[in-house]
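Shown next, in C-alpha cells, is the structure this report addresses.
The values are calculated or read from the model by the stated rules, or taken from the named source; none is laboratory data. Quick caveat, the model's predicted, so the values are computed rather than measured. Cβ atoms come from the backbone with ideal geometry, glycine included; neighbour counts cover every protein chain shown. Surface areas here come from the heavy atoms of the whole protein model, side chains and all, with no ligands, DNA or RNA. Shrake-Rupley method; radii C 1.70, N 1.55, O 1.52, S 1.80 Å.
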Amino acid sequence: MPRLDSHFWNCSCASRGRNTTHLTAGAGGPAAKVGEMIGSSAPGPSLLVDHGGLTTDSSRRVGSTGTNGHSSSSRHTNSWHHHLVQRGLVLFLVGVVLALVLNLLQIQRNVTLFPEEVIATIFSSAWWVPPCCGTAAAVVGLLYPCIDSHLGEPHKFKREWASVMRCIAVFVGINHASAKLDFANNVQLSLTLAALSLGLWWTFDRSRSGLGLGITIAFLATLITQFLVYNGVYQYTSPDFLYIRSWLPCIFFSGGVTVGNIGRQLAMVLGSVPGTT
C-alpha cells in the first residue's frame, strides 16, 4: 500500500509539474510575440530623423520653386520694360525725321509760316516741332498694339517691314500732294486727300482699331493745331477751316495709321504686349 500511494503521488506531482511548465510556456509565447510586435512597430530615432529630413527637403524644394517663379516673372517684366523703352526711342526718332522732312516740304511750298525768331534748324523748322512730333509718334506707336491687345484683335494684315516702308512712302506722297497739287478750291483738295488717306488705311491696315484711332488722332491733333494757331505760335496761308487748312485732318489721319503700323511691327519684333502671345 505505501508503495502504491507513493507511486500515485509521484505521478500526480509529475503531471502537475508538466502542466505548470506548459502553462508558463503558453503564457510566455504570446507575451513575447506582443513584445516583438510593439518593438517592431515603434518608430526608431533613425526613422524619425529620416522623416524630418524628408519634410525639410520638401519644404526646401517648395521654397526654391517659389523663388524661381518670382525671379522668372521679374525677369520677364524687366525684359518687357526694356523692349518698351526701345520701341519708344525708335518711334521718337521716326517722328522727328518725318517732322523735319514733311515740314520742309510745307515750307518750300510756303504753306506754313513761322515767326523769324523761332527759326532754329537747318531745315527752317521751329525747334519745338520735331520733339513734339517725336513724342506724339512714340505715344501713337505704342498705343496701337496695346489697343489691339485689349480688344482681342491682333493685327495680322501685311505684317512685314516691306509693307511698312510702302505705307511710309504713301504717307510722304500724300503730304507732298498737299503741298504741290493745285485744285480749283480747297474743298476738292480736301476730298482728294481724304480719299487717299482712306485708301492708305484700306491698303495697309483694314482694322477697326486702326480706323477708330486714326479718326481720334485726327480730331485731337486738329484741335491742338487750331489752339496753337489761334495763340499766334505759327500760321497757315489761306486758312479755310477756322484757322487752318481743311485738308490737315486727312494728314493727321494718314500719319496716325502710318505710325501705328510702325509701332505694331516693332511690337512684333522687339516684344509683345503683356497678356498677348
field: Selected residue [closer than 24 Å to residue 270 by Cα and in contact with a Cys (Cβ under 9 Å, 6 or more places away or on another chain)] from 148, 205
entry: 205
query: So, of the residues in the range 86-112 that are modelled with pLDDT of 90 or more and β-branched (Val, Ile, Thr), which turns out to be farthest from the chain's Cα centre (by Cα)?
result: 97
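Yes/no per residue for (1) charged (D, E, K, R); (2) farther than 19 Å from residue 101 by Cβ; (3) open to solvent by 40 Å² or more (accessible area, probe 1.4 Å); (4) over 30 Å from the mean Cα position of the chain (by Cα):
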site	(1), (2), (3), (4)
157	no, yes, yes, no
174	no, no, no, yes
178	no, no, no, yes
198	no, yes, yes, no
208	yes, yes, yes, no
215	no, yes, yes, no
220	no, yes, yes, no
242	no, yes, yes, yes
247	no, no, no, yes
field: helices (runs of 4 or more DSSP H) contained entirely in the range 159-277, each with at least 1 residues that are without any contact (Cβ under 8 Å) to a residue 40 or more places away in the chain and within 17 Å of residue 144 (Cα to Cα)
entry: 186-204, 208-230, 248-270
